[in-house]
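To keep things clear, I will list the structure first and then write my remarks on it.
The values are calculated or read from the model by the stated rules, or taken from the named source; none is laboratory data. Quantities reported herein were computed from a predicted structural model and do not represent experimental measurements. So basically every Cβ, Gly included, is an ideal-geometry build from the backbone, and we count neighbours across all protein chains shown. Quick note on the areas: whole protein, heavy atoms, side chains included, nothing else; ligands and nucleic acids left out. Shrake-Rupley method; radii C 1.70, N 1.55, O 1.52, S 1.80 Å.
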Amino acid sequence: MAEDGFLDEPSKRLSARIRRGEVSVSSVVRASLDRIATRDPDLHAFVTVFDQKAEHRARELDAELAQGHWRGPLHGLPVAVKDLADIEGAPTGFGSRCYAQGRARRNARFVDTLLEAGAIIIGKTQTVEFAYGSWGTNHALGTPVNPSVAGHAVPGGSSSGSAVAVAAGLVPLAVGSDTGGSVRIPAALCGVAGMKPSHGLIPLDGVAPLSPALDTIGPLARDVAGLRLLLRGLQPDWSETATSPANAWTLCDADLEPIHPDILAAYRAQVAELNARGLATAPLPLPRPLGEYQRFCGDIMAHDAFAALEPLVTDRRLPMDPFVRRRIGQGAAIGARDHADATQRRAQDIEDFLDRFGPRDVLFLPATPLPPCQVAEIDESEIPMSRFTRIANYLDLCAVTVPLCRSGPFPIGMQLVAQSGQDDMLLSALSPGRDFGHLS
């Protein structure tokens, strides 16, 4: 094994090795910083790296272990954080050249929770400007490079840097945010695991807002065990029930079009395998087409984003991604009455969906309709990547995306969705020995 090879181990195994004293926290952090220094100039995953603070904290945590004090599974593990969360002493850039107003005076609440659990915040990662885009591009600060695809392929957004950092082995774990798919899309395109937890499970204090009714903080890792480990660190009061789902639902093929043929083939093959394993699957008739859920979710996002960012978006003197400016600017046409109607419609849509989707049900979907393409090939006027993900945000559900397979040059991710509050049931469905164990 290479000198820094332990960084390529599953997070759970690395955590156990740290606890047993087989590898020091300082060596893990030094390996992570060395990889970032060597590889990130080409990958562009990080905005800021906290070299000295991370090494100092590593020495403190090594000393605690030497005294018999272990904080838990995150003790000594490097974690990267998306640059929309406040970290004391650092600017919160929000992926923009015109957002940051000085340095944060305190940490976001979830950051303090991670530190208390023993995690080491290694740095802040790139995001689409204002976290408003699914391709992962950033015309202001540069677009991270998807390490799982040749050339300069899109990483997916908006948590682009967090997904790239995990996929490239720069860190074992990372934090992103998900308002319409912003954790799950880059996880799928980069070939890692990502989760949108139930709304409200992880506090948003100290996080730059996009759409408070939809925003969530979510973990990224190489596998489901890593997601569970990081989710526990993000929300120590989360109740783990470790129960299996009763059903798994699929969507009718017609609801998935248009979709890349390789992704559709992988989805159909997975459904066939589930049936062969004896897991009953059935089509779930959605009250609305997926495209409508995507559009309605987008209307709420645009209204809320414009309300929060209007002074920046309307000031044409400020340097801003023109596509992000246009997308957020669409919220100007959504007035207070329209937003109230949209909120009321959302509540009714949630009720209608839950009438046919029970608390032990799992909805099985592709994560994205398209594979990663080269940055030069993107049509920024289209937003197709969120068509399978926004349903979870709009209908107040929790969702996990896991790498399923590769189709030639690109990875394919699949998505499992469950009712709000069923986060542990969803992760248990992907644990080894469970019905979906081969997906994890």
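Under the combined filter of DSSP loop state and at most 11 neighbouring Cβ atoms within 10 Å, region 62-116 retains these trypsin sites (Lys or Arg not before Pro): Arg105. Once the Cα-Cα distance is subtracted from the 0.36 nm per residue extended length, the Arg356 to Gln374 segment shows a gain of 2.5 nm. Within the full protein context, the accessible area of Ser407 is estimated at about 30 Å² for a probe radius of 1.4 Å.
Let me check against my output: what whole-number percent is the relative contact order of region 343-410, with C-alpha pairs under 8 Å and at least 6 apart?
Contact order relative to length: 39 percent.
Charge tally for Glu55 (other residues, Cβ to Cβ under 11 Å; Lys, Arg +1; Asp, Glu -1): +1. Summarising the amide proton neighbourhood of Met414: residues at separation of 5 or more, or on other chains, whose placed amide H is nearer than 5 Å comprise Ala367, Val402, Leu404. Dividing the mean sequence gap of close Cα pairs (under 8 Å, 6+ apart) by how many residues the chain holds gives a relative contact order of 17 percent. The peptide list 127-133, 204-210, 334-340, 397-403, put in order of mean Cβ contacts within 10 Å with the highest first, becomes 127-133, 397-403, 204-210, 334-340.
Annotation for region 325-422: GluC sites (Glu not before Pro) lying in DSSP loop with at most 13 further Cβ atoms inside 10 Å of their Cβ are Glu382. Amide H to amide H, with H built 1.01 Å from N, Val128 comes under 5 Å of Ser160, counting only residues 5 or more places away or on other chains.
In the chain, the DSSP beta bridges split such that about 65 percent are antiparallel, to the nearest 5. Membrane-span-like helices in the chain, defined here as complete DSSP H runs extending at least 20 Å along the helix axis by their C-alpha atoms with mean Kyte-Doolittle hydropathy no lower than 0.0, are 261-276, 290-313; this is a sequence and geometry rule, not a statement about a membrane.
Remark: spin-label model distance Thr343-Ala280 equals 4.0 nm, labels positioned 7 Å along the Cα→Cβ axis.
Comparing Lys124, Lys12, Lys53 in a Gaussian network model of the chain where C-alpha atoms under 10 Å apart are linked, the largest mean-square fluctuation is found at Lys53. By the rule of a C-alpha distance below 23 Å, with chain neighbours fewer than 8 residues away ignored, the lysines paired with Lys196 are Lys12, Lys82, Lys124. Within region 267-306, the trypsin sites (Lys or Arg not before Pro) that combine a DSSP coil assignment with at most 14 other C-beta atoms in a 10 angstrom radius are Arg277.
Only DSSP H runs of four or more residues enter the estimate; each adds -39500 (n - 2.57), and after division by the residues of the chain the mean residue ellipticity at 222 nm equals -11500 deg cm²/dmol. Amide H contacts for Gly218 (H built 1.01 Å from N in the peptide plane; partners 5 or more residues away or on another chain; cut-off under 5 Å): Gly176, Ser177, Asp178. Calculated on the Cα set of region 37-86, radius of gyration then Dmax: 13.7, 40 Å. Taking a ≥ b ≥ c as the square roots of the eigenvalues of the Cα gyration tensor, region 49-173 is oblate, since a/c reaches 1.5 or more and a/b is not larger than b/c. Considering only Leu274, Leu395, Leu229, the mean-square fluctuation computed in a Gaussian network model of the chain, springs between alpha carbons under 10 angstrom, is largest for Leu274.
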